[in-house]
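> Before we start, here is the structure in question, set down as structure tokens.
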Amino acid sequence: MAAAVLRPVAVRPTTISLLSGVALSATLALPGCGRLRASSIPLGGKHEEEAPAAKVAAGGSVAPAAPRADEESAAEQAEEVVVQAPASVPSAAPSEPAKGGQGAATGAFTLRPYASGQMWTRVLDAEFDIKLGPGMDRRLTNHQEARFEVLAASAGNIDKLAIEYPVDVSKMTMMGRETEEQDDLAGKRFVVTFAHGKAEIKNARGGTPSKKELDNLNDDAREPQAMASALKELASLTAKGKGDFSLAGVVALAGGEDDDTKITAAKASLRQLASAPSGGKSALLDVAYTLTGSADDDIIIEMQLTGTMVVLDAPARYQSITMYGPVQIRPKQPGGMEGRGTSKVTLTYK
């Protein structure tokens, strides 16, 4: 049986890119299986927060799953990060200010358009524990750091964007032995030019990236605009003080869909707003996604991720995302390889 490289479904809740910008790569020995790229749950920065939040039910509904102690801990952390937030952070597209009403007492989040010179870093850490059969347990991890810089912007939209990947490494542990692999984007820089709604991506030498590189780069290229769309909707919810995101808003939080990874169920809700003595604000969101992807024509990978997301204000930007959930690997044809396990994905932005 030939060993193949598998990229489990990604997340960028802006990773999902939610998961995105989740770029998750890991090596997994599977017969006849190609590289399945992680999708994007994305937004722009670094992350370190833990609190499983919700559970995806049939039809995409979300039921609370985290113990009360975990909820209180996540809420307390949301208040802390507001005080410690860095001054230079990514921003989002503008929206109308809140007007009156009880929610206005808390205050809608302040949004501003993208501008040349803005920079932020997104850090992804993903962990997978997969059991394929007797003696075939695998632990897969991926650590990626992505730096975004707006090179040119007009009317609040990004015209040119640089994305650099100082670190992108995957590890697999099997039978007590660990192997490490530098992933496709490690140590590389790319420039994305947007024209007429399309993204043209070039490497540092002005050449066209490989198909493997483009699979992830296309997700990350659209993440900032998806982030802006999600934050604009959040601003409306914070003016009310509560509420659920629209389906389009939930998908935008995750960085959107792509050809390889589909969001088959999703929900996000504004759970809590917190204020700090400095006048800053934070929003704590419950998020839940079911992501489905395929590797070549042989297997289907499904992840059910639930967790929390912290968004900071002044201006509005992502702070952290933490999601947990089961992973299932099933064959498209009877008799193929099957497996199941658990996952944890964290993203932080700074």
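> So if the hydrodynamic radius of the stretch 226-350 is defined as the Kirkwood radius over C-alpha pairs, what does Stokes-Einstein give as its diffusion coefficient at 37 °C and 0.692 mPa s, in µm² per second?
208
> Additional query: Taking the Cβ of Ser116 as the center, what net charge do the other residues with Cβ under 15 Å away carry, scoring Lys and Arg +1 and Asp and Glu -1?
Result for the local shell: 0.
> Rounded, prolate or oblate: which one fits the stretch 162-247, using the alpha carbon gyration tensor with axes a ≥ b ≥ c (rounded when a/c is under 1.5, else prolate when a/b beats b/c, else oblate)?
Judged from the Cα gyration tensor, the stretch 162-247 comes out oblate (a/c at least 1.5, b/c at or above a/b).
> Find, among the trypsin sites (Lys or Arg not before Pro) in the stretch 112-214, those assigned to loop by DSSP (not H, G, I, E, B) with at most 12 other beta-carbon atoms within 10 angstrom.
Those satisfying the criteria are Arg205.
> Right, something else. Please name which of Ala316, Leu214, Val251 has its Cα lying farthest along the dipole of the stretch 198-350 towards the positive end, using unit charges on Cβ (Lys, Arg +1; Asp, Glu -1) and the Cα centre as origin.
Ala316
> Which of the lysines could be linked to Lys262 by a straight reach, that is with a Cα gap under 22 Å, when you skip same-chain ones fewer than 8 residues away?
Lys55, Lys198, Lys211, Lys212, Lys332, Lys344
> If I stretch the segment between Lys242 and Arg189 completely, what's the gain in nm (0.36 nm per residue apart, minus their alpha carbon distance), one decimal?
Result: 15.1 nm gained on full extension.
> Okay, next question. How many angstrom separate the Cα center of the stretch 281-313 from the Cα center of the stretch 135-156?
With the stretch 281-313 and the stretch 135-156 each reduced to a Cα centre, they are spaced 15 Å.
> Where does the charge balance sit around Ala204 when Lys and Arg score +1, Asp and Glu -1, over other residues with C-beta under 10 Å from its C-beta?
+3
> Filter the trypsin sites (Lys or Arg not before Pro) in the stretch 236-289 down to the DSSP loop ones having no more than 14 other Cβ atoms within 10 Å, then list what survives.
Qualifying residues, ordered by number: Lys242.
> With r defined as the distance between the Cβ atoms of Arg330 and Lys198 and R0 fixed at 45 Å, what FRET efficiency is calculated, to the nearest 0.05?
0.80
> What is the local net charge at Asp137, summed over the other residues whose Cβ is closer than 10 Å to its Cβ (Lys, Arg +1; Asp, Glu -1)?
Around Asp137, the charge tally is +2.
> Ok, one more. Sort the stretch 96-231 into rounded, prolate or oblate with this rule: let a ≥ b ≥ c be the square roots of the eigenvalues of the Cα gyration tensor; rounded if a/c is under 1.5, and if a/c is not under 1.5, prolate when a/b is larger than b/c, oblate otherwise.
oblate
Laboratory data are not the source of any read-out in this text; all were calculated from the coordinates shown. Since the structure is predicted, the reported quantities are computational estimates derived from the model, not experimental observations. Using ideal geometry, Cβ is built from the backbone for each residue, glycine included, and neighbour counts are taken over all protein chains shown.
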